[in-house]
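See structure below.
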Amino acid sequence: MFLYNHFNINEKGHLCMDGVDTVDIAKTFGTPLYVISRKYIEDAINEYHRIMRANFGDNYTIAYASKALSAKFIYDIIKDMSVHADVVSGGEIYTALAGGMKAENLHFHGGNKTRNEIGYALSVGIGSFVIDNFQEIAIINDLAKAKNITANVILRVKPGVDAHTHEFIQTGKEDTKFGFGIKDGKAFEALNAIISSENLNLIGIHCHIGSQLLESKPFAMAGGIMADFMAEIREKYGITLPHLIMGGGFGVKYTYSDKPESLDDMIKNMADAIKSSCAKNNFPLPHITIEPGRSVVAPSGITLYEVGTVKELPGIRNYVSVDGGMTDNPRYALYDARYECVIADRAGENRDYLATIAGKCCESGDLVTKDIYIQKPQPGDILAVFTTGAYNFSMASNYNKTPRPPLVLIENGKPVLKVRGETYEDLIRLEI
Ligand code: LLP
């Protein structure tokens, strides 16, 4: 009945998440509200461990992609589950450390890490830098030299795989701002620069081919290309790199029409391609890291809103306005994203009302989702939007001076406030 099985309906007809009544949660904490299931996150991580172990034995690492949802509570959960994290800014490093992560378990991504961020990362003892441009090779080397240390680095490569997903979240093809091309020789130029830098220690290569990928084929293609490239590096430089990082991107169900291949198949097909390339090249199987973000947290979360107004335009569309929108979830505005929703207080009734869920901002594009079936809404109803655990909280804004909502984590059968909602005072706290 629901996309994920941590949801059910109780005797009052209310939507429950991990057995907790979401209408009660909305009453207690107000709306709009992000609600996250700790259990879902833990189960998702355990599932990744099971599948990675089945394919790679102990020779793997799961590094959670912080950008999907970065807050202290997430790191507090993952740090005890043998999970590392990928970070892409000084702010994410700071938050991960505040959440209890060890710096050595962080790897630092980003297409334009500033000098300050690099200095900060070195000073806390970051695990590794993922090199994305020529400029940072020199900066990291200089700053490491000044500290008399050696920095572990990983080269980000574009395997040239055209993954099928929204154009803005494709990253592994040739025309992308991320990484170095194999075909155009840039990856070798970068390798030359890294290898001749005294204070850099090259430990592996990395790719991330895109996000919300629903099929295993692009992962398998990228796996084969990357493993072949490791053999080419050995041939050219005599170095056998120990690490291969395959990025994230494993897709989730946002709507009933999304049909992702199983995670088992996606990872197995990727693993098989890597293994067969290694066998062909007589190359030892490297340590494999994956960086899932969305698939760990998106299904764990819902957003609860209160329905404010209902505007029916006969023959055109029914606009159901809620007390949030693009400020807490910009994904419709950015990617034309779709979501399933229910009226949480009448979750068992038929969904036979075609609605477009609109936000509060003065923007026609401020929609949460378009043309989906929900129960007939009334002002005052609680609307639950599913699968909002990733790239919602982390991409929220204060447009129209809208305070960002609080976040509640359901743990041990109880909703616990983890991030308080912003107040109007918060909105001007940095203004001088
Ligand atoms: N590793 C790297 C280097 C990445 O750039 C990303 C995502 C990930 C891992 C995690 O990918 P995931 O498992 O979450 O698909 N804001 C967009 C998604 C942008 C993804 C950017 N990179 C959205 O809301 O769909």
Could you tell me whether segment 328-344 includes any residue that is out of contact with any helix residue (DSSP H, G or I) (no Cβ under 7 Å at 6 or more places or on another chain), away from the ligand (no atom under 16 Å from the Cβ), in contact (Cβ under 8 Å) with a residue 24 or more places away in the chain and open to solvent by 30 Å² or more (accessible area, probe 1.4 Å)?
-> no
Scanning segment 7-56 for residues that are under 28 Å from G248 (Cα atoms) and touching a Lys or Arg at 6+ places or on another chain (Cβ under 7 Å), the one most open to solvent (accessible area, probe 1.4 Å) turns out to be D18
Applying the selection to segment 248-286, what residues are more than 16 Å from the ligand (Cβ to nearest atom), among the hydroxyl-bearing types (S, T, Y) and free of Cβ contacts under 8 Å to residues at least 40 places away in the same chain?
-> S257
Being surrounded by fewer than 22 Cβ atoms within 10 Å (Cβ to Cβ) and farther than 30 Å from P32 by Cα narrows T240, T255 down to just T240
Can you pull out the residues in segment 134-164 that are without any contact (Cβ under 8 Å) to a residue 40 or more places away in the chain and not in a helix (DSSP H, G or I)?
-> K147, N148
Could you tell me whether any residue of segment 168-180 is at positive phi, open to solvent by less than 20 Å² (accessible area, probe 1.4 Å), modelled with pLDDT under 95 and within 16 Å of the ligand (Cβ to nearest atom)?
-> yes
Mind counting the residues in segment 71-88 that are open to solvent by 10 Å² or more (accessible area, probe 1.4 Å) and either within 12 Å of the ligand (Cβ to nearest atom) or under 14 Å from E291 (Cα atoms) (or both)?
-> 3
Among the residues of segment 130-137, is there at least one that is open to solvent by 10 Å² or more (accessible area, probe 1.4 Å), more than 16 Å from the ligand (Cβ to nearest atom), at pLDDT 95 or above and more than 24 Å from the chain's Cα centre (by Cα)?
-> yes
Residue that is farthest from I45 (Cα to Cα) [pool: residues in segment 288-305 that are open to solvent by less than 10 Å² (accessible area, probe 1.4 Å) and of a type in the set (G, A, S)] | G301
Residue set G30, G110, G125; condition in contact with an Asp or Glu (Cβ under 9 Å, 6 or more places away or on another chain), away from the ligand (no atom under 16 Å from the Cβ), without any contact (Cβ under 8 Å) to a residue 24 or more places away in the chain and at positive phi; output residue G125
Counting only residues that are closer than 21 Å to M246 by Cα and open to solvent by less than 10 Å² (accessible area, probe 1.4 Å), how many does segment 94-108 have?
-> 2
Hey, A163 within 16 Å of the ligand (Cβ to nearest atom) and in contact with a strand residue (DSSP E or B) (Cβ under 9 Å, 6 or more places away or on another chain) or not = yes
Over segment 94-120, the set of residues part of a helix (DSSP H, G or I), more than 15 Å from I154 (Cα to Cα) and more than 16 Å from the chain's Cα centre (by Cα) is Y94, L97, A98, A103, R115, N116, E117, G119, Y120
Open to solvent by less than 10 Å² (accessible area, probe 1.4 Å) and modelled with pLDDT of 95 or more, is that true of G308?
-> no
For segment 387-402, name all the residues that are more than 16 Å from the ligand (Cβ to nearest atom) and either open to solvent by 90 Å² or more (accessible area, probe 1.4 Å) or under 23 Å from the mean Cα position of the chain (by Cα) (or both).
-> N398, Y399, K401
Taking only pairs six or more apart or across chains, which ones have beta-carbon atoms under 6 Å, a first residue in segment 65-89 that is closer than 18 Å to H206 by Cα, and a second residue that is assigned to a helix (DSSP H, G or I) and basic (K, R)?
-> V88/K67
Tell me, please, whether a residue that is touching a helix residue (DSSP H, G or I) at 6+ places or on another chain (Cβ under 7 Å) and within 14 Å of the ligand (Cβ to nearest atom) can be found in segment 228-240.
-> no
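The values are calculated or read from the model by the stated rules, or taken from the named source; none is laboratory data. Quantities reported herein were computed from a predicted structural model and do not represent experimental measurements. Heads up, the Cβs are rebuilt from the backbone with ideal geometry, glycines too, and the neighbour counts pull from every protein chain shown. Quick note on the areas: whole protein, heavy atoms, side chains included, nothing else; ligands and nucleic acids left out. Shrake-Rupley method; radii C 1.70, N 1.55, O 1.52, S 1.80 Å.
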